[in-house]
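See structure below.
Nothing in this text is a laboratory measurement; each read-out follows from the coordinates by a stated rule. Nothing here was measured: the structure is a model prediction, and the numbers come from that model. Cβ atoms come from the backbone with ideal geometry, glycine included; neighbour counts cover every protein chain shown.
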Amino acid sequence: MGDADLTDAAPHKVYLSGYWIYKTPVTVDMYRKFCAATRRSMPEAPHWGWKGDHPIVNVTWHDAKAYCDWADIALPTEAQWEKAARGTDGRTYPWGNDWDESTLRNDDDFDIGSGSPALVGSFPAGASPYGCLDMANSVLQWCADWYDANYYKSAPDHDPTGPTSGEDRVLRGGSWFYFKEIIFRCASRSYGGPDDRSGISGFRGAARAGS
C-alpha cells in the first residue's frame with residue numbers, strides 16, 4: 001500500500017447526487033455475519049485478535065465489494081467518501097482545520113508494534129459535519145475507484161467515479177498505524193492493489209438516497 005500527498009493539488013468543486021454512507025466502518029461482527037451467510041472464510045486474524053465491535057481488517061478490495069454486494073449497498077466513491085469526511089466548508093480534518101490528536105487513535109499512542117485500531121465510534125469528537133465517525137481514525141478504508149494520481153485534474157465535476165481501469169484501488173482515511181498529521185487530512189489519498197490485505201485497512205458502505 002502507498003500514500004500520495006496532495007498538498008499542492010488545487011482545490012476544486014465537485015457536485016454529488018444524494019447518498020447514504022455508513023456512520024462507522026464495518027465491524028468484525030458485521031463481517032462475520034456476512035461470512036456465515038455466504039459460507040465465506042474470515043480473513044486471518046490480526047495480532048490483537050478479533051474483537052466484534054472493532055473494524056474488520058485484513059480484507060481485500062474484493063472482500064469489501066463482496067460484502068457490499070451481499071448487503072445490497074456499494075463501496076463509496078472517493079468523492080462520496082471525501083464529502084462525508086469534510087462537509088461543504090473544505091475543512092482540513094473531519095473535525096475542523098486544526099490538528100487535534102485527541103480526536104483519533106494513531107501510532108503515537110503505542111509502543112512500537114503494539115498498536116491496534118480503536119472500538120468503532122469511540123472518538124465522537126472526531127465526527128465529520130455529517131456525523132460520520134472514524135473518517136480519519138483507526139483504519140484506512142477501501143473506496144470503489146481505481147487510483148490515478150492525476151485523475152482529479154481532468155475528472156468530471158458531477159458524480160466522479162474514478163478512472164475506468166487501473167492497477168490499484170483508492171484507500172481513504174487515517175489509520176492507527178500512522179502518526180504524521182498530513183496523513184489524516186480529508187484530502188489525503190492512499191492506494192493498494194485490490195488483492196492486498198492489511199491490518200491497517202477496512203471499509204464502510206454507501207448507498208444512493210432512496211435505495
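Spread over its residues, the convex hull of the C-alpha atoms of the chain is 114 Å³ per residue. By the count of neighbouring beta-carbon atoms within 10 Å, fewest first, Tyr130, Tyr19 end up ordered Tyr130, Tyr19. Here the spin labels are modelled as points 7 Å beyond Cα on the Cα-Cβ line, and at Asp53 and Thr164 they lie 4.7 nm apart.
Taking the chain as a Gaussian network, where each spring joins two C-alpha atoms under 10 Å apart, which residue of Leu171, Leu119, Leu16 fluctuates the most? Among Leu171, Leu119, Leu16, the largest mean-square fluctuation in the Gaussian network model of the chain belongs to Leu16.
Of the peptides 37-47, 197-207, the ranking by mean beta-carbon count within 10 Å, highest at the top, reads 197-207, 37-47.
Going by neighbour counts of Cβ atoms within 10 Å, the residues Met30, Met135 line up, fewest first, as Met30, Met135.
In segment 86-211, the inverse of the mean reciprocal separation of distinct Cα atoms equals 15.5 Å; this is its Kirkwood hydrodynamic radius.
Partners of Lys65 within straight-line reach, counting lysines whose Cα lies under 21 Å from its Cα and excluding those fewer than 8 residues away in the same chain: Lys23, Lys33, Lys83.
The length gained by stretching the chain between Trp20 and Ser154 to full extension, at 0.36 nm per residue less their Cα-Cα distance, is 45.6 nm.
Each Lys or Arg adds one and each Asp or Glu takes one away; over the other residues whose Cβ falls under 11 Å from the Cβ of Gly96, this sums to -1.
Shown for Ser175, Ser17, Ser116: other C-beta atoms within 10 Å of each C-beta, ranked fewest to most, produce the order Ser17, Ser116, Ser175. Segment 55-142: percent of C-alpha pairs farther apart than 23 Å? It works out to 29 percent of all Cα pairs.
Among His12, His54, His158, the largest mean-square fluctuation in a Gaussian network model of the chain (Cα springs under 10 Å) belongs to His12. Based on C-alpha pairs under 8 angstrom that are at least 6 apart in sequence, the chain has a relative contact order of 34 percent.
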